[in-house]
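Only one structure is covered here, and it is reproduced in the block below.
What follows draws every value from the coordinates through simple rules; no lab data is involved. This one's a predicted model, so the numbers in the text were calculated from it and none came from an experiment. Cβ placement follows ideal geometry from the backbone for every residue including glycine, while neighbour counts extend to all protein chains displayed.
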2 protein chains.
Amino acid sequence: MTTPEEKHRTDSANLLLFIALLMLTIFTIWIFKHKRMRFIHETGLAIVYGLIIGVIIKYSTVSGNAPQMGNVTCKQNTSVVPSYVYVNYNNSNYLFTRHKIYKYHIPVLLLFSVFSVMTFDPELFFNILLPPIIFHAGYSLKKRHFFRNIGSILTFAFIGTVLSALVVGSIMFGFVSWMMVYNTDPTFTFGFVDCLLFGAIVSATDPVTVLAVFKELKVDVNLDALLFGESVLNDAVAIVLVSSIQKYQSARSSVFDSGAFFSALGSFIGVFLGSFAIGALAAVITACMFKFTKICHYPVLETSIFFLMSWSSFLLAEAVGFTGIVSVLFCGVLQAHYTYNNLSTESKARTKELFELLNFLAENFIFGYMGVAMFTFSHHHFNAIFIFGAFVAVLVSRACNIYPLSFLLNLGRKRKISRNIQHMMMFAGLRGAIAFTLAIRNTCTTGKQMMFSTTLLIVFFTVWVLGGGTTQMLTWLNIKVGVDEDDVAAVEALDLDHQNTETQDSGPQPKYADSAWMFKNWYKFDKNYLKPILTHAGPPLSASLPSCCAPVANCLTSPRA
Amino acid sequence: MTTPEEKHRTDSANLLLFIALLMLTIFTIWIFKHKRMRFIHETGLAIVYGLIIGVIIKYSTVSGNAPQMGNVTCKQNTSVVPSYVYVNYNNSNYLFTRHKIYKYHIPVLLLFSVFSVMTFDPELFFNILLPPIIFHAGYSLKKRHFFRNIGSILTFAFIGTVLSALVVGSIMFGFVSWMMVYNTDPTFTFGFVDCLLFGAIVSATDPVTVLAVFKELKVDVNLDALLFGESVLNDAVAIVLVSSIQKYQSARSSVFDSGAFFSALGSFIGVFLGSFAIGALAAVITACMFKFTKICHYPVLETSIFFLMSWSSFLLAEAVGFTGIVSVLFCGVLQAHYTYNNLSTESKARTKELFELLNFLAENFIFGYMGVAMFTFSHHHFNAIFIFGAFVAVLVSRACNIYPLSFLLNLGRKRKISRNIQHMMMFAGLRGAIAFTLAIRNTCTTGKQMMFSTTLLIVFFTVWVLGGGTTQMLTWLNIKVGVDEDDVAAVEALDLDHQNTETQDSGPQPKYADSAWMFKNWYKFDKNYLKPILTHAGPPLSASLPSCCAPVANCLTSPRA
């Protein structure tokens, strides 16, 4: 039997174990849903199972059906003492699985080869598992409430995340200085930029657990929109922030001056806008393609193109050096807003279901893997001071993000963000898949390994404790549940119409929500120009465009309009 | 910029190009469907686009925006002359893509690094792209006509494929001996086992092209069932055959004696049965899981479990050393037969659509890649004698498979396989994705590379010429088209009922089809025992099982029955 074949079998077994883990999780999720248990969310559950499997792997190294004691003589031509020796063990008693490889460490310890490779390329998380999660977030965004609160969401996501990263970075710098007092390893360095990097990593909030509870309990729509919008955009911000800091780190020394800051800021804005442009481009091309052709008669082709175009936006952004996640997020939002209307009924269902499934599998895989990584990752560095500091920093930074920004936003908002909603937002600052993925991408130095170990602990704590306590917290804070979204929508649509009439009478008067002015202008532009160009909906372009553009208008107007 | 980041961007660009290729193919497929053009099938089209991209890649090496002439001094510490030199080229004029790597070959030739890595791991084809194709084939099998013709299908698939491999091997051995006369390379060897291996590789027929035309034209259901059944099972047989031969090859010398033959036969049967057992086990577990739980209330969970269980059957078989493809095929057939009935309405649609989509994407990707590989694979070995021999061998072996076996089968069949149907089956012996994947898996010796190059040519020829001529051939052979399957089904169901009554009157009388006896017994067993155990359908078990098994029967009987 050749080595690649053996490797292939090991890989298969490896993946199989993870799939078994995933299935176990799904099955338990079902039991929990069935019994209406809410004290732990599916993601928390995935971690628990992952931990169990991790423990089994770690401590099964000397148990199992080990071969009998004996001497094995190996031919070894090199002068270096190898750290591992693989011994092929043939047992003809078993009909099929008679060929096994045992791995000997220098302190004689048996380990099945299956378990020694239980690690995946971190790029896998970033390139394969994250895109569907993020795309799904964009694709399933409730646009009405999102755009109604766009100003607040952008503030929390952009200013809040940067603020959070800075606060965590500063606090950690203090704790790291303290930690350095006890440091005995002269090669270990941890500068301010490393602290900032850690700040950016743990600033990616991921309230998937909280939102699942919200959805089930039908919580207040504005709270839902604020949290969902913040978490989605904030992932993108954190990712761009991390990559900007890493670029800066690899380009120069660890000195941080104002020039470097503005260069990082410039790169941050450039990358963000570039990624957005690519995502938007992919969505616009898809929308036009489906509007002007009759490909909707073949739903498989339609769904394929939709899937591939959305994935392309990710790949294109990565290929030119932007951030694919940001690109795929906006692509998702715009696909939902424009392309979705051009799809056939069948494809509408298909695309939704497909991305729902991919999102579900990817998410549970990542959380399950986190649990496994806790025990199988071999370079953990747990430092009590660093961990304590990180927990303090995470809490303080969340507070510095939510309360001051809410105060400022409330100055401009008509519908204020109440105290209780603020407490709930503070509470819902869970860390999840994105923080984990950002941390696992780079674990080559001791400092980075320490960040990774600590991030894992933060994720576990927030998902179990904060995520598990969501229902209690909602009750405790007296936040309205059981809100029927359609009712709210109907009331608000009426409200908006009424307000529109009012506005037309008495000039622009940003009355309704915090971002009413911005929202209304965008809404008008979108309704009169973008929707008619990109979809079959809206008034014909010949009505909205000036008469000189009539030929263009006729050409672009949908045959169905 | 670091090397892994550069690699990541290159990988993204690489994948992006393939996705663009795929989208181009899909879009053209749509145009062809729209205009009802049938002279070339989508798979043939994918190859054509692949070839075009391959040509562009190959001949764009000296064109493009090459940097100006100049001297670059590189520091090189080793004494060996490197075959490639990479030069980082920074151009600050471009805002974003200012960082490029040029690859210098020894004879100065520019090649963008993007294009130099345009190869995928062959394992990708085998482990990621084939399973959904094969599963979908099993899952979408028309069981009625398949089981009606099971005897003939098994004969064609098992005996026919082995026969075909032997015939191709023998003919090739003759041609190879001739080729060896002109051989100047003393290290080049090509024994009889290599010839057999080539025979096994090109014996995997893949009439996806033909079947697509059949489906559109609603061709005679028995011809359809025979060809589809043969091609699905024959893939499995060819794959097991190839892996048996390769195992044999790596285990011993190239001498082929009767002992080796029986050992290979034993391994073949063992692997086949083992793989079947794993696939069946996965399907049975899934069916029971869905029957006895109410997981169907959550379609996402249900679809996830279904998908993961089916994939597990593949991975488990590969992990224990069986053949995943065979396992996933039977898993698909049984999932369709049992589990499908236990699914919720939504999951029924979801699973079908999901596998349809995966199958579609995977298939077009493989065919597109074939075209690209024609030009980008750098170790092609085209030998006129070998290629000529291969074409002769493929035709002769197909004839040796179809005509003698049809003659033998017609002795026992009531509904004979007519001359014209035989000619059509002979004509429909296309080679496709499986042959390609088997050939690309091993290209480490000159002989294997020659097999790969020749297999590519055979695939192109059969897909374009035979696949393109299907409609003309059907007309020419006067084969009935426009058959409504439901009508046939209704007539045949009546027929079968009538026959059943007859049989009960006058004892077992295998009258209806060639495999009526086998089919009927299986049908009875399935209806009375398996279906009631595994699904909600059929008579309650308490009626069919003997009274001593009453507790078991009550326990297994569906709550819905």
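Highest-first packing order for the peptide set B:144-154, A:232-242 is A:232-242, B:144-154, based on the mean count of other beta carbon atoms within 10 Å.
Counting beta carbons within 10 Å around each of A:HIS381, B:HIS297 and listing the fewest first gives the order B:HIS297, A:HIS381.
Look at the stretch A:311-319: the mean tally of other chain Cβ atoms within 10 Å of its residues' Cβ atoms is 6.
Placing a label point 7 Å from the Cα of B:HIS297 along the Cα-to-Cβ direction, the distances to the matching points in the other copies come to 4.4 nm, shortest first.
Once Rg and the Kirkwood radius are both taken over the C-alpha atoms of the stretch A:216-358, their ratio Rg/Rh works out to 1.08.
Fraction of C-alpha pairs exceeding 32 angstrom in the stretch A:122-476: 31 percent, rounded to a whole number. Sorted shortest first, the distances from the A:ASN410 label point to those of the same residue in the other copies are 9.1 nm; each point sits 7 Å from Cα along Cα-to-Cβ.
For the stretch B:279-341, the square roots a ≥ b ≥ c of the C-alpha gyration tensor eigenvalues yield an a/c of 1.5 or more together with a/b exceeding b/c, which makes the shape prolate.
What net charge do the residues around B:PHE365 carry, taking every other residue with its C-beta under 14 Å from that of B:PHE365, with Lys and Arg at +1 and Asp and Glu at -1? Working shown, then result.
Values: positive: none; negative: B:GLU42, B:ASP121, B:GLU363.
With Lys, Arg at +1 and Asp, Glu at -1, the neighbours total -3.
The residues packed around A:VAL333, meaning those with a beta-carbon under 14 Å from its beta-carbon, carry a net charge of +1 if Lys and Arg are +1 and Asp and Glu are -1.
Please compute the average number of Cβ atoms from other chains found within 10 Å of each residue's Cβ in peptide A:358-368.
Numbers: counts 1, 1, 4, 5, 0, 0, 1, 0, 0, 0, 0.
Partner Cβ neighbours, averaged per residue: 1.
What FRET efficiency would be calculated for the residue pair B:HIS423, B:PHE391, taking the C-beta separation as r and a Förster radius of 22 Å, to the nearest 0.05?
Here the calculated transfer efficiency is 0.70.
Taking the stretch B:426-481 on its own, what percent of its Cα-Cα pair distances exceed 12 Å? Let's see the in-between values first.
On the way: 1033 of 1540 pairs.
Above the 12 Å cut-off, the stretch B:426-481 has 67 percent of its Cα pairs.
To the nearest whole number, what is the average tally of beta carbon atoms from other chains within 10 Å of the beta carbons of peptide A:15-21?
Across the residues of A:15-21, the mean count of other-chain Cβ atoms within 10 Å is 5.
Close amide H partners of A:GLY432, meaning residues 5 or more places away or on another chain with modelled amide H under 5 Å apart, are A:ASP206. Measuring between alpha carbons in the structure, the pairs from A:LYS531/B:LYS218; B:LYS215/B:LYS291; A:LYS531/B:LYS58; B:LYS215/B:LYS416; A:LYS215/B:LYS291; B:LYS218/B:LYS291 lying more than 31 angstrom apart are A:LYS531/B:LYS218; B:LYS215/B:LYS291; A:LYS531/B:LYS58; B:LYS218/B:LYS291. Residues B:THR475, A:THR470, B:THR10, ranked from the fewest to the most other C-beta atoms within 10 Å, line up as B:THR475, B:THR10, A:THR470.
The distance from the alpha carbon centre of the stretch B:164-192 to that of the stretch A:458-478 is 71 Å, rounded to a whole number.
With its label point put 7 Å out from Cα toward Cβ, B:ASN478 sits 9.0 nm from the same residue's point in the other copies, in order from shortest.
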